[in-house]
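Below is one structure; the comments refer to it alone.
The values are calculated or read from the model by the stated rules, or taken from the named source; none is laboratory data. Note that the structure is predicted; figures quoted are calculated from it, not measured. Cβ coordinates were reconstructed from backbone atoms using ideal geometry, including for glycine residues, and neighbour counts include every protein chain displayed. Side chains are part of the model used for accessible areas, which takes the heavy atoms of the whole protein and leaves out ligands, DNA and RNA. Shrake-Rupley method; radii C 1.70, N 1.55, O 1.52, S 1.80 Å.
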Amino acid sequence: MQYHEVIRLLDQAGAERRPCFFLLDYEQEEGHFVSEPMKHPESHDGLAWSIGGYECGSVDITPERPELLSIHPEPEASYAERFGLIHRGLQHGDSFLANLTIRTAIGLSTDNLADVYAHTSARYKVLLPGRFVCYSPETFVRIEGNKISTYPMKGTIDASLESAAVRLLSDYKEHCEHCTIVDLMRNDLSRVSERVRVARFKYLERLTTSRGDILQMSSEVVGELEPDWHRRLGSLLDSLLPAGSISGAPKERTCELIAEAEGISRGYYTGICGYYDGESLDTGVLIRYIEQDGAQCYYRSGGGITINSQMSEEYQECIQKVYLPIAKPWPSTSTIKV
């Protein structure tokens, strides 16, 4: 389905207070829309999803948990070329922050992405058969009552490192990157809401993965919507996309730099998923993402690049983010107090 058709259907569903599930891709070309999914939870051609406690669709649960057998990232020299293009754009003032991603071939112990879906846990899980599976910890926006909230996530560190939390919170490069994205999301929310403010700044969450625990840094930005926001549900989302945390600032020119550096369509990767229940909205950013291309699976990962970024560190961060989460009841994150 075309992106703008999904936006139209979302506006209509909101006006009618009709529940729906949807996907919107990064390039704003493609989408997926399911009206009133809970009325027919098992009949969506294998589509399965779970968002904040709501779930629809089912998959067979195999006894063996899938394992990540091998990781084949692109050579560091190839990444260095992409990084260099982005960094030159930063030096020229075309961008202040750009999210650069790569596509890594992986080997799994299963050839069925439904097995990965069944054995993983995250606030946002989506299985689109033959296309991708996603298990994302990152919220895009939530709306409850007239309050809209977004939770930009920037900054990751291996939790096993000594004083990991203090190191992440005090890292100058990560601080600059995080401040830039918080400011971008504050400006984005100001397009659609009033009294926008930062409710929480730089809090940490621990995420348990198959390759060890990691700490991730987020902030919370909130605003107040007009009471009739339901009637422009799709249009509201359209004005905020693509998500700032996976594009950069300023958004339009940064997206052009990203397209040139990456050289491949992201598709649904770094797009959004969402469920509207007729009263509230919960949407997630489609990261922590495995896509299927014929017999080969690829993991998509990336990170924010600033003028202070070091190429080798950014390359290693992309690889560190390739993981399968440990299967346990959602939520699989815990807030860290420092």
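Going by Cα centres, the stretch 189-227 and the stretch 254-300 are how many Å apart?
19 Å
Using a probe radius of 1.4 Å on heavy atoms only, what accessible surface per residue do you get for the chain? Whole Å² is fine.
Per-residue accessible area for the chain comes out at 42 Å².
What part of the accessible area of the stretch 107-167, given as a whole %, is carbon or sulfur when the probe is 1.4 angstrom?
43 percent
How large are Rg and Dmax for the stretch 113-184 when calculated on the C-alpha trace, in angstrom?
Using the Cα atoms of the stretch 113-184, the pair Rg, Dmax is 16.3, 42 Å.
Rounded to whole Å, give me the distance from the Cα center of the stretch 1-54 to that of the stretch 143-181.
Taking the Cα centre of the stretch 143-181 as reference, the centre of the stretch 1-54 is 30 Å away.
Which length gain, in nm to one decimal place, applies between residue 277 and residue 213 when the Cα-Cα distance is subtracted from 0.36 nm times their residue separation?
Length gained, residue 277 through residue 213: 19.7 nm.
Taking the Cα centre as origin and putting +1 on Lys and Arg beta-carbons and -1 on Asp and Glu beta-carbons, what dipole magnitude results for the chain, to the nearest 20 debye?
Around 840 debye, computed over the chain.
State the three equivalent ellipsoid semi-axes of the stretch 60-219, derived from the C-alpha gyration tensor as the square roots of 5 times its eigenvalues, in descending order and whole Å.
Semi-axes from the Cα gyration tensor: 30, 23, 18 Å.
Straight-line reach from residue 154: which aspartates and glutamates have a Cα under 14 Å away, not including same-chain ones fewer than 8 places off?
138, 171, 174, 177, 183, 205, 220, 314, 317
Around residue 248, what is the net charge, scoring Lys/Arg as +1 and Asp/Glu as -1 over all other residues with Cβ under 11 Å from its Cβ?
It works out to a net charge of -1.
After finding the eigenvalues of the alpha carbon gyration tensor for the stretch 25-107, what semi-axes result from the square roots of 5 times each, listed largest first in whole Å?
38, 22, 10
Would you kindly state how much longer the chain becomes between residue 74 and residue 252 on full extension, computed as 0.36 nm times their sequence separation minus their alpha carbon distance, in nm to one decimal?
Additional length available on full extension: 61.4 nm.
Over the chain, what is the mean sequence separation of C-alpha contacts under 8 Å (at least six apart), divided by residue count, expressed as relative contact order in percent?
28 percent
Pop a pseudo-label 7 angstrom from the Cα along the beta-carbon direction at both residue 265 and residue 310 and give the gap in nm to one decimal.
Between residue 265 and residue 310, the simple spin-label model gives 3.8 nm.
Rounded to a whole number, what is D in µm²/s for the stretch 134-244 from Stokes-Einstein with the Kirkwood radius over alpha-carbon pairs (37 °C, 0.692 mPa s)?
218 µm²/s
Just from the alpha-carbon atoms, what are the Rg and Dmax of the stretch 249-297 in angstroms?
Rg then Dmax for the stretch 249-297, in Å: 14.6, 41.
Express the carbon and sulfur contribution to the solvent-accessible surface of the stretch 243-323 as a percent, rounded to the nearest whole number, probe 1.4 angstrom.
Of all accessible area on the stretch 243-323, carbon and sulfur atoms account for 45 percent.
Using 0.36 nm per residue of separation minus the Cα-Cα distance, give me the extension gain between residue 58 and residue 296 in nm, one decimal.
83.3 nm
Please state, to two decimals, what the Cα-based radius of gyration of the stretch 1-145 comes to when divided by 2.2 N^0.38 Å (N = residues).
1.29
Taking only DSSP H segments of four or more residues, each worth -39500 (n - 2.57), what value at 222 nm results for the chain once the sum is divided by all its residues, to the nearest 500 deg cm²/dmol?
Computed mean residue ellipticity for the chain: -8000 deg cm²/dmol.
Pairs to check: 173/321; 125/251; 147/202; 173/251. Give those whose C-alpha atoms are more than 24 Å from each other in this structure.
Over 24 Å apart, Cα to Cα: 125/251.
If each of residue 5 and residue 39 carries a label point 7 Å out from its Cα toward its Cβ, how far apart are those two points in nm?
So the two model labels end up 2.0 nm from each other.
What accessible area, in Å² to the nearest ten, does a 1.4 Å probe give for residue 206?
80 Å²
Which of 113, 100, 169 moves most in a GNM of the chain, Cα contacts under 10 Å?
Per the Cα network of the chain with a 10 Å cutoff, 169 tops the list.
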